[in-house]
Amino acid sequence: MSTEHDTDVVQPRTALVVHIEPKTRHEASDRDARARLAEAVGLTAAIGLVVVGEHIVPLARPVPATLMGSGKVEEIAADARAREPEVVIVNAQLSPVQQRNLEKAWNAKVLDRTALILEIFGERARTREGRLQVELAHLNYQKSRLVRSWTHLERQRGGFGFLGGPGESQIETDRRLIGERLTKIRRELEGVKRTRNLQRRARKRVPFPLIALVGYTNAGKSTLFNSLTDAGVLAKDVLFATLDPTMRGLRLPGGTKVILSDTVGFIADLPHELVASFRATLEEVLEADLIVHVRDCAHLESEAQKVDVLKVLAELGVEAGNDRPFIEVLNKIDLLEPEAREGLLGREGANAPIAVSARTGEGLDQLLSRFEAQISSANIYFQLTLEAADGEAQAWVYRHGRVHERQFNDDATVELTLSATPAELEQFNHRFGEKMVSP
């Protein structure tokens with residue numbers, strides 16, 4: 001009897017990546033085609049596909065049937081026949097007709113950029129809200145592609161009752177079912193939104209300022225979040241490692257208590273329907289008292305990524321630096337050459353970017369001090385006189401404000417000089433009233 005055991009070997013799923021580079025791009029912030037291809041390869045790897053081939057297709061004028069010219073279609077078809085990938089990723093947005101025609105030409109499943117990002121979102125989302133948002137975006141995307149998805153559209157079902165008639169075609173049924181599911185998801189999301197509003201109101205009753213980390217995907221936001229809060233949030237060197245907002249309390253060096261929020265990463269050419277679908281997920285950004293833009297300063301396309309992030313923020317209605325405090329953080333300085341690194345660390349000024357390494361901890365003390373300065377800039381200073389024996393009241397003051405000086409008087413009272421945000425000041429007025437005076 002043989003002692004050998006058969007072992008099933010799972011073959012990796014493979015993909016070709018095709019980047020479309022329009023020749024009409026002349027923006028100063030534009031990145032070159034190789035960098036865009038590299039990002040597409042990174043997105044593909046994020047869903048566990050092994051890239052076996054790469055193509056860059058310069059595009060002077062889109063072809064309605066296949067987007068690219070017939071010569072490029074055949075060139076990629078020959079490569080697909082040789083490599084036999086399961087999927088071909090096209091780093092552009094395809095119409096349903098273009099997607100169908102390319103699948104026939106290449107004899108493989110084709111995903112465009114929107115479908116690829118949706119696939120990543122579907123794998124990464126963990127909370128109920130995140131999953132609902134993904135499904136909403138996916139159904140909206142799929143709704144326009146039923147012609148491509150179904151090959152049995154000619155089939156019809158019989159009418160109801162005695163009225164007869166042609167009945168309901170399969171595509172009409174599918175559209176109706178998708179429409180019903182979309183309605184249900186939107187209703188569920190409204191419930192989630194109400195819950196978040198209740199949580200926000202509860203948070204405002206304990207009025208800690210909210211600091212939101214934003215940035216291009218894989219810029220190191222989650223690593224920074226973990227370094228500052230010891231939160232243990234997933235922080236991997238993959239695109240879109242974080243899809244669900246996470247919040248943790250944080251005490252700043254001067255004693256100010258804040259809430260730090262980690263958010264989904266942004267990316268270039270994010271489809272508008274995805275921005276709309278994830279608006280609720282990004283509500284923490286809209287509500288933030290301070291926005292912190294985390295950049296990967298070691299990335300060759302750092303400046304272009306900055307433009308992409310600011311563009312998405314503008315689409316969300318957030319004008320960085322105009323309607324609220326804004327800090328730019330240059331992360332991953334540990335990956336820079338010493339000369340470039342020293343140049344970033346030497347920057348000064350209240351609005352200068354702060355260079356840090358979330359991985360090594362370098363620069364984090366300076367970052368926390370900047371948080372304190374920005375958050376406390378709106379603080380109001382006042383003095384409060386309490387009975388020295390009133391430990392309960394003093395403990396409340398320390399929990400809800402920042403005590404800067406404490407002086408014991410001969411009449412068994414203690415005089416506190418402290419600061420508080422406008423929201424906190426309301427609580428002090430409600431509790432202590434006449435015992436408060438301006439310094």
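The values are calculated or read from the model by the stated rules, or taken from the named source; none is laboratory data. Remember, predicted model here, so these are calculated numbers, not experimental data. Note that each Cβ is placed from the backbone with ideal geometry, even for glycine, and that neighbours are counted across all protein chains shown.
Are any residues in region 407-428 surrounded by 13 or more Cβ atoms within 10 Å (Cβ to Cβ) and within 23 Å of Phe208 (Cα to Cα), and if so, which ones?
Listed by number, the residues that qualify are Leu416, Thr417, Leu418, Ser419, Ala420, Thr421, Ala423, Glu424, Leu425, Gln427, Phe428.
Go through region 80-129 and count every residue that is crowded, with 17+ Cβ neighbours inside 10 Å, of a type in the set (Val, Ile, Thr) and modelled with pLDDT of 90 or more.
Counting residues in region 80-129 that are crowded, with 17+ Cβ neighbours inside 10 Å, of a type in the set (Val, Ile, Thr) and modelled with pLDDT of 90 or more gives 5.
Could you please give the count of residues in region 28-79 that are in contact with a Ser or Thr (Cβ under 6 Å, 6 or more places away or on another chain), surrounded by 14 or more Cβ atoms within 10 Å (Cβ to Cβ) and not in a helix (DSSP H, G or I)? Break it down into steps so the answer makes sense when it comes.
Initially, region 28-79 is screened for residues in contact with a Ser or Thr (Cβ under 6 Å, 6 or more places away or on another chain), giving 50-52, 73.
Pick out the ones that are also surrounded by 14 or more Cβ atoms within 10 Å (Cβ to Cβ) and you get 51-52, 73.
Restricting the remaining residues to those that are not in a helix (DSSP H, G or I) gives 51-52.
Number of matching residues: 2.
For region 342-369, how many residues meet the condition of being part of a loop (DSSP other than H, G, I, E, B) and either modelled with pLDDT under 90 or not assigned by TED's automatic domain parsing to the domain that holds Leu290 (or both)?
Within region 342-369, residues that are part of a loop (DSSP other than H, G, I, E, B) and either modelled with pLDDT under 90 or not assigned by TED's automatic domain parsing to the domain that holds Leu290 (or both) number 7.
Please go through region 213-228 and pick out each residue that is in a loop (DSSP other than H, G, I, E, B) and in contact with a Phe, Trp or Tyr (Cβ under 6 Å, 6 or more places away or on another chain).
Hit for region 213-228 is Thr217, nothing else.
Tell me yes or no: at least one residue of region 370-386 is hydrophobic (A, V, I, L, M, F, W, C), part of a loop (DSSP other than H, G, I, E, B) and within 24 Å of the chain's Cα centre (by Cα).
no
Condition first: surrounded by 15 or more Cβ atoms within 10 Å (Cβ to Cβ) and closer than 17 Å to Glu372 by Cα. Now tell me which residues in region 336-360 satisfy that.
Pro353, Ile354, Ala355, Val356
Quick one: is Val292 assigned to a helix (DSSP H, G or I), of a type in the set (Val, Ile, Thr) and touching a helix residue (DSSP H, G or I) at 6+ places or on another chain (Cβ under 9 Å)? If you could, list the steps in order and put the result at the bottom.
Values: assigned to a helix (DSSP H, G or I): no; of a type in the set (Val, Ile, Thr): yes; touching a helix residue (DSSP H, G or I) at 6+ places or on another chain (Cβ under 9 Å): yes.
When the stated conditions are applied, Val292 does not pass them.
So if I check each of Ala373, Ala420, which one is within 29 Å of Ala350 (Cβ to Cβ), in contact with a helix residue (DSSP H, G or I) (Cβ under 9 Å, 6 or more places away or on another chain) and at pLDDT below 90? So that I can check it myself, show each step before the final result.
Numbers: Ala373 fails: in contact with a helix residue (DSSP H, G or I) (Cβ under 9 Å, 6 or more places away or on another chain).
One residue alone meets the criteria, Ala420.
Report whether or not Glu172 is closer than 26 Å to Thr66 by Cβ, part of a helix (DSSP H, G or I) and either at pLDDT below 85 or of a type in the set (D, E, K, R) (or both).
Taking the combined requirement at face value, the residue does not satisfy it.
Given the options Asn218, Asn226, Asn197, name the one that is modelled with pLDDT under 90, surrounded by 15 or more Cβ atoms within 10 Å (Cβ to Cβ) and closer than 30 Å to Ala420 by Cβ.
On inspection, the qualifying residue turns out to be Asn226.
Considering each of Ile354, Ile327, Ile333 in turn, give the residue that is more than 20 Å from the chain's Cα centre (by Cα) and under 23 Å from Thr421 (Cβ atoms).
Details: Ile327 fails: more than 20 Å from the chain's Cα centre (by Cα); Ile333 fails: under 23 Å from Thr421 (Cβ atoms).
Answer to the selection: Ile354.
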